[in-house]
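Remarks on the structure that follows.
The values are calculated or read from the model by the stated rules, or taken from the named source; none is laboratory data. As the structure is a computational prediction, the values presented were derived from the model and not from experiment. So basically every Cβ, Gly included, is an ideal-geometry build from the backbone, and we count neighbours across all protein chains shown. Calculation scope for accessible area: heavy atoms of the full protein, side chains included, ligands and nucleic acids excluded. Shrake-Rupley method; radii C 1.70, N 1.55, O 1.52, S 1.80 Å.
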Amino acid sequence: MTSCNSLHGARLCSASGALILLFVSPLARAQITVLIHGLRQPMRNNVRAYLSFERYRDSKHLTVDTIERLENRVETEVRSALEPFGYFEPVVHLQVTRTGPGSWRVALDIEPGPPVILRKVDVRLTGAGAIDPLFTRITARAPFHPGAQLNESDYEQFKSALLHTAATYGYLDARLTRHELLVDPKARAATIALTLETGMRYRFGATTIDQHAVKPELARRYLRYRQGRPFDLTQVLRTQFALDDSGYFSHLTVLPGTPDTVHHTVPVHVQASASRPNVYSVAGGYETDTGPRAILSWQDRRVNTAGHRMSVDLQIARLVKYSLQSRYVIPIGDPATENLTLAASVEQRQLAAIDARTMTIGPSLTRVTGRWQTVWFVNYVHATGSVSGTICEQPARSGAPSAACTTPPYTLPASVLTSVGNSDMLVPGVDIASVPVGYFGEPIFQHGVFIEVRGSHGTLGSGSNFLQIHVQLERVLRLAPKWHLLLRDEFGATAASHFDRMPPVMRFFAGGEGSVRGFEYNSLSPTQTFYAGRMSQPCQTGVAVGPAGYQCPFQAQAGGKDLITGTVELDRDLPRNLAIAAFFDYGNAFNSFHQPRLLQYGAGLGIRVRLPVLTLGLDVGEPLSLRGHQLPRVYINFSPRL
């Protein structure tokens, strides 16, 4: 008996069932489901690419004749798909089954068979570049050798790597004088013979620059190469990036010209038009610690033809109540990475219990050597502010007693606000930071290594002679294809003759996002004694300073001399640009490394949404060292780390 489910049975039954199918499912859509077993993923994908069944899978008109014709092609198509992997004798077990009106199931069980083995490999380099490491590094890591299984893809990629390297690094006359891949399927053996004649390496010729935005000599200082040096297309691309990042130009092109085959040189032509000098921008953001913020910016990207730049930025937020910054930048040396800057800023920000107001102005000199950026600076700093706290008064006015004020007769709490004093000083220092290879001076939001050393002296106006160091380290380790380990450490130390006279903006605070999650922003800090003077009522431990006036001490968080924080975070990538994270943070700000219970600890979980240019993070952190005293905290942040 012949079954209508088999291919040949389907031919016999198709006529009798035609009217039934027509009336039962007149709108049914033909479909082919292809299942492949017995092969690794790369080979399975290649078989799918060759199969005619795959090309007909969504066809609207499938007849039994069409299915039979496609079935007859399968063995040839499978053999052609597996030959690049070194398999010339596959065994194909095929089953084609009708699963419904116009629907078919195609199952292939494939045994690839014995592979072809490379018997001989002969790779040679000739010409001026025969000993150039650019080529010898490739040949030393050739993906094939005698005794290895044949893989035509490896062979083609190896040839492409040689020719691409030659074209990129100036061997413009290079050619493959011999490239043979001979296969004997019966003997299951193959040989490779390949010879690259490199020819002479070309050098950079003259560079013409067609632009009128800045002085010609300034534009030439952006070139990443020099005339007469060996040609390198990557340096041409780096030149375009450097010129583009300068902000001086628009419609920029940097293109190699026609090679001079006599003198073996390549000219380069740069063409650009002047960019719009003034740029205005409005931006916003949100972080759990600092709340919503708004940023207004103006930049004059080309003050004059010497390439000077100027910018003004205004930021308004909950904790950074306002920050107004202005910078005037003069390019020097390598203008892509080095400059002389005059900066000024005025800001008011909340630092724990202190409302700090700071004005800063001063020059800085930025240099880059290798993978290190150094910024030397001298700033004039004017710092002032106020601190809020609570004292205990006599109950001369109405009010409920407080649990904190239980020593008669001082049972009534009162909020106080007092000045932290003024500071005027010169603060010299240096910042040292790691920068990536190919750095062009663009803003870097996270450095692998950042070190700042600053200080001041009484002769420079400081109320305290001090020297301070601040070190930040960060590294991301790739543990597995979808697993990443983030390690972050921060260390700060201050040597000061009178630390209590140092302005709050030069002290250390810990807690919050980017520090110790689970704790409130800047909440980890030692306290300092302040005095609220001229109070109308006597206060606990107060000192009389005149008629109806009392000097009342209180404690408030004011920042520490030293700092330690760190993070260990494990991230796991998920589909759809998502990731989950588990983290453990530690740290504190303190006045002595010998302080008992020096560190506080927090831990939690988070989720990451990886957007095209940044990552959105949502973390929930719990303070481990104060469990039961504080609730878990939620952190929402945007980060450039991908």
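Side notes on the structure shown:
- Phi-derived couplings, Karplus 6.51 cos²θ - 1.76 cosθ + 1.60 at θ = phi - 60°, listed residue by residue for segment 604-613: x, 10, x, 10, 10, 10, 8, 8, x, 10 Hz, with x used for Gly and Pro.
- Sequence-ordered 3J(HN,Hα) estimates for segment 308-323 from the Karplus curve with 6.51, -1.76 and 1.60 and θ = phi - 60° stand at 5, 10, 9, 8, 9, 10, 10, 10, 10, 8, 6, 8, 8, 4, 7, 8 Hz, glycine and proline given as x.
- Cα-only radius of gyration and Dmax that characterise the chain, units Å: 36.4, 120
- Once you reduce segment 145-200 and segment 580-635 to the center of their Cα atoms, the two points are 54 Å from each other.
- When DSSP beta bridges are restricted to pairs lying wholly in the chain, around 90% turn out antiparallel.
- By average C-beta atoms within 10 angstrom, highest first, the peptides 131-141, 501-511, 422-432: 501-511, 422-432, 131-141
- Restricting segment 452-539 to GluC sites (Glu not before Pro) that sit in a DSSP loop and have at most 16 other Cβ atoms within 10 Å of their own Cβ leaves GLU520.
- Working from label points 7 Å from Cα in the Cα-to-Cβ sense, the ARG137 to ARG48 distance is 3.5 nm.
- With the cut-off at under 14 Å, measuring from each backbone N in segment 121-158 to a point 7 Å along the Cα-to-Cβ line of ALA187 picks out 121, 147.
- With protein chains left intact and a 1.4 Å probe, residues in the chain average 52 Å² of accessible area per residue.
- Each of the peptides 248-260, 195-207, 558-570 was scored by the mean count of other Cβ atoms within 10 Å over its residues; in descending order, highest first, they stand as 558-570, 195-207, 248-260.
- Of the solvent-accessible surface of the chain, computed with a 1.4 Å probe over protein heavy atoms with every protein chain present, carbon and sulfur atoms account for 57 percent.
- Candidate lysines - alpha carbon under 26 Å from LYS120, same-chain residues fewer than 8 apart omitted: LYS159, LYS186
- Rounded to whole numbers, the Karplus 3J(HN,Hα) couplings from phi for segment 414-423 are 9, 7, 10, 9, 9, 7, 9, x, 9, 10 Hz, using 6.51 cos²θ - 1.76 cosθ + 1.60 with θ = phi - 60°, and x at Gly and Pro.
- q = 0.11 Å⁻¹: log10 I(q)/I(0) that the Debye formula gives for segment 155-247, counting C-alpha atoms only: -0.50
- Taking other residues whose beta carbon is less than 14 angstrom from the beta carbon of TYR171, and scoring Lys, Arg as +1 and Asp, Glu as -1, yields -1.
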